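K.L.:
Starting off with a structure, shown below.
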Amino acid sequence: HAAIRMYLGEDRGVGELEEDSQPSPKAATGASRTTIEEYRQRAIWASPDVDDPAARTRILCVVVEDKHGQSALSVQMGGKLKFKVLYQVTESTPVHISIVLKNRYDQIVNCTSTYTLGMDVPLLESGSLAVLEIQMDMMLEAGEYTFFANVGWVGDQPNRGDALDETPWLGPIAIRWGFEMEAAPFLGMFGLPATATLHRMLPDQEVTAQ
């Protein structure tokens, strides 16, 4: 996706790897096949080349769940969504997963990743499967959003990286709120983490709202 690569200042596109970077992984079999099929049945998106033995590091499917573990593409403002990314690795260095959200005006509103979360991702054996879960509090204004998942390397400079594979834009995810019925948790485009303290003009008295 050119938009997020420009946003992050990435210099290379998807799949621009050295020819001899890693041998091709074996096709998924046995327990791996069961895992893939279980996720594919619930996925909002699944790769069409799951059996391609020549494929490099790639995302196999993406599942979105609500706080109850049910597949969901709708949530109230401030509610929780969990993004599950099933992927297969062939790289000799650790890879990171990103979830990128944009609004209906085609503006990137958030990019959360194992990198931005400071997660120490392990080096996996070539051909291994892994599932990365990112849970988000959807503190965005009510409306529809699309997203994509990305797997890639961290670059030599902060906040830079190279994409190895990414999904198309997925969704939409609907964030809803009954503004005519209930006070909203915030107003505006984003709900920033905040607390409020009222200091009365009397000694040793204060009221804190969390």
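Read-outs: derived from the displayed coordinates by stated rules, not from any lab. As the structure is a prediction and not an experimental result, all values here were calculated from the model. When we count neighbours, we look across all protein chains shown, and the Cβ atoms used for this are built from the backbone with ideal geometry, even at glycine.
K.L.:
How much net charge surrounds G143 when only other residues with a Cβ under 10 Å from its Cβ are counted (Lys, Arg +1; Asp, Glu -1)? Before the final figure, lay out the partial values.
P.N.:
Details: positive: R104, R176; negative: E141, E144.
Once all neighbours under 10 Å are counted, the net charge is 0.
K.L.:
Going by average Cβ density within 10 Å per residue, which order do the peptides 84-90, 103-109 take, highest to lowest? Don't skip to the end; give the middle numbers.
P.N.:
Numbers: 84-90: 22.1, 103-109: 12.0.
Highest mean packing first, the order is 84-90, 103-109.
K.L.:
Let me ask something else. For the range 71-210, what does the relative contact order come out to in percent, with C-alpha contacts under 8 Å and a separation of six or more?
P.N.:
Working: 257 pairs, mean separation 38.3, N = 140.
Relative CO of the range 71-210 lands at 27 percent.
K.L.:
Please work out the Cα center distance from the range 83-151 to the range 152-167, rounded to the nearest Å.
P.N.:
Going from one Cα centre to the other spans 12 Å.
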